[in-house]
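Engineer: For reference, the structure I am asking about is given below.
Throughout, read-outs are computed from the coordinates displayed, never taken from laboratory work. Treat the numbers as computed from the prediction; the structure is a model and nothing was measured. All Cβ positions, even for glycine, are placed from backbone atoms using ideal geometry, and neighbour counts span all protein chains on display.
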Amino acid sequence: MIVTCVTVRVKPEHREDFIDETLKNHDTSLKEPGNLRFDFLQCEAEPDRFFLYEVYESHEAAAAHKEMPHYLAWRETVAPWMAAPREGIAHRVIRPTEDSAWKCR
């Protein structure tokens with residue numbers, strides 16, 4: 001199991017566009033084989049800062065996500081709206097270890 005935490009800072013004038021495009025990516029990502037969870041969060045104190053929390057069954061499933069047409073379209077579309085490069089950090093899961101504990105659907 002692999003968790004990737006992605007921080008994204010967007011230009012204020014593109015905040016709503018970013019939300020719209022990321023919701024499309026989110027909804028389709030949840031249907032991918034190997035996806036256990038995908039949370040899309042907005043910082044209350046800094047509304048142009050977002051956090052994506054993605055959980056996949058394996059490194060292979062996480063890598064496959066980055067080849068999906070919907071992800072590639074999202075990445076290309078939102079890139080010019082970013083105030084800084086997005087930062088994605090992969091994490092090894094210690095607990096919980098059961099897939100069923102991660103599934104949000």
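Engineer: Out of these labelled values of mean projected area of the Cα convex hull in nm², [x] 10.2; [y] 6.0; [z] 6.6, which was calculated from the coordinates shown here?
Structural biologist: [z]
Engineer: Follow-up. From the Cα gyration tensor of the range 44-105, with a ≥ b ≥ c the square roots of its eigenvalues, which class applies: rounded if a/c is under 1.5, or else prolate if a/b is larger than b/c, or else oblate?
Structural biologist: oblate
Engineer: Cα axis of helix 15-29 to longest principal axis of the chain: angle in degrees, 0 to 90, nearest 10?
Structural biologist: Helix 15-29 sits roughly 20 degrees off the main axis of the chain.
Engineer: On to the next question. Calculate how steeply helix 69-78 sits against the longest principal axis of the alpha-carbon atoms of the chain, using the helix alpha-carbon long axis, and give the answer as 0 to 90 degrees to the nearest 10.
Structural biologist: Its long axis makes an angle of about 30 degrees.
Engineer: Can you tell me which of 32-38, 85-91 comes out highest on packing, and rank the rest after it, using the mean Cβ neighbours within 10 Å?
Structural biologist: So the peptides 32-38, 85-91, ranked by packing, come out 32-38, 85-91.
Engineer: Another question, then. Kindly provide the helix-only [θ] at 222 nm of the chain, computed as the sum of -39,500 (n - 2.57) over DSSP H runs of four or more divided by all residues, to the nearest 500 deg cm²/dmol?
Structural biologist: For the chain, the value works out to -9000 deg cm²/dmol.
Engineer: Is the shape of the range 11-65 rounded, prolate or oblate, going by the alpha carbon gyration tensor and its root eigenvalues a ≥ b ≥ c, with a/c under 1.5 for rounded and a/b larger than b/c for prolate?
Structural biologist: prolate
Engineer: Pull up all non-local amide H partners of Leu36: gap of 5 or more, or a different chain, and H-to-H distance under 5 Å with H placed in the peptide plane.
Structural biologist: Val55, Tyr56, Glu57
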